[in-house]
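Read through the structure below, which is laid out as structure tokens, and then see the notes.
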Amino acid sequence: MAWWLRLYYLLGSSYKVFHAPQTIKPGSAWEPTLKEAIDHSRAMLVLFSERSSNRESKWMSEEIEAGRRRQQRDPSFRLIPVQLDSNAVPPAEFLKAYQWLSTPGSDMQDAALQVRGILGTTEKDESERDRMARLKAELDRALEEKALLSQRTAQLQEELKRESQERGAFTERTANLERQVEELLLQVRSRVKELARARLLAAVALGILAVVVVLLVQSYVAR
């Protein structure tokens, strides 16, 4: 589960939390709905992550400006920048104007407690709703981690299957090479035997020829 969604559930146990993707109904106009929500809120959390702080968002800047205008009209309205990860850096105007809330190690439970403290709820004992919200957030995170683990397990199984197939193909190629070597050795041995037989026949033929030559010489001399 995304960090902001865990924070949404944790704060939802104590406050009526407006978050556009969770609250605005499909087909509703964004701009007037956001303006009305900000006008009727006690505080506005501006969440910064590494990704969001490195890009410009038209809607995000308009939401922030609407919150700042509301604060100018009503100083009791709180504008709270929240650092979601260590690499998230709010814009310079926020660093100059506001003290931001940090969430060490992505601890949304701690962030929710800090927000409650800022907004006037200082009791840190978990209510039943707090506990259920925290458990739901932890369960969602566990399910997310389980899904990632299952995905990684499937990847490893696929890699093992592919490696097994490659090993089987290598073993088959090795067996084929061994058979080819055996066949080549048999051919060499057969060829050697043929050559030896041919040499023997040649020697016999030379011997016969020598005998014939000797007999012819003796016959000639006898005459």
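Does region 161-176 include one or more residues that are closer than 27 Å to Arg6 by Cβ, surrounded by 10 or more Cβ atoms within 10 Å (Cβ to Cβ) and either in contact (Cβ under 8 Å) with a residue 40 or more places away in the chain or not charged (D, E, K, R) (or both)? The answer is no, given that none of the residues of region 161-176 is closer than 27 Å to Arg6 by Cβ, surrounded by 10 or more Cβ atoms within 10 Å (Cβ to Cβ) and either in contact (Cβ under 8 Å) with a residue 40 or more places away in the chain or not charged (D, E, K, R) (or both). Hey, does region 190-206 have a residue that's at negative phi and either modelled with pLDDT of 90 or more or not in a helix (DSSP H, G or I) (or both)? No, region 190-206 has no match at all. When region 73-89 is filtered for residues that are crowded, with 18+ Cβ neighbours inside 10 Å and within 20 Å of Glu50 (Cα to Cα), the ones remaining, listed by number, are Ile80, Pro81, Val82, Gln83, Leu84, Ala88.
The values are calculated or read from the model by the stated rules, or taken from the named source; none is laboratory data. Keep in mind the model is a prediction, meaning the values are calculated, not measured. All Cβ positions, glycine included, derive from the backbone under ideal geometry; neighbour counts span all protein chains shown.
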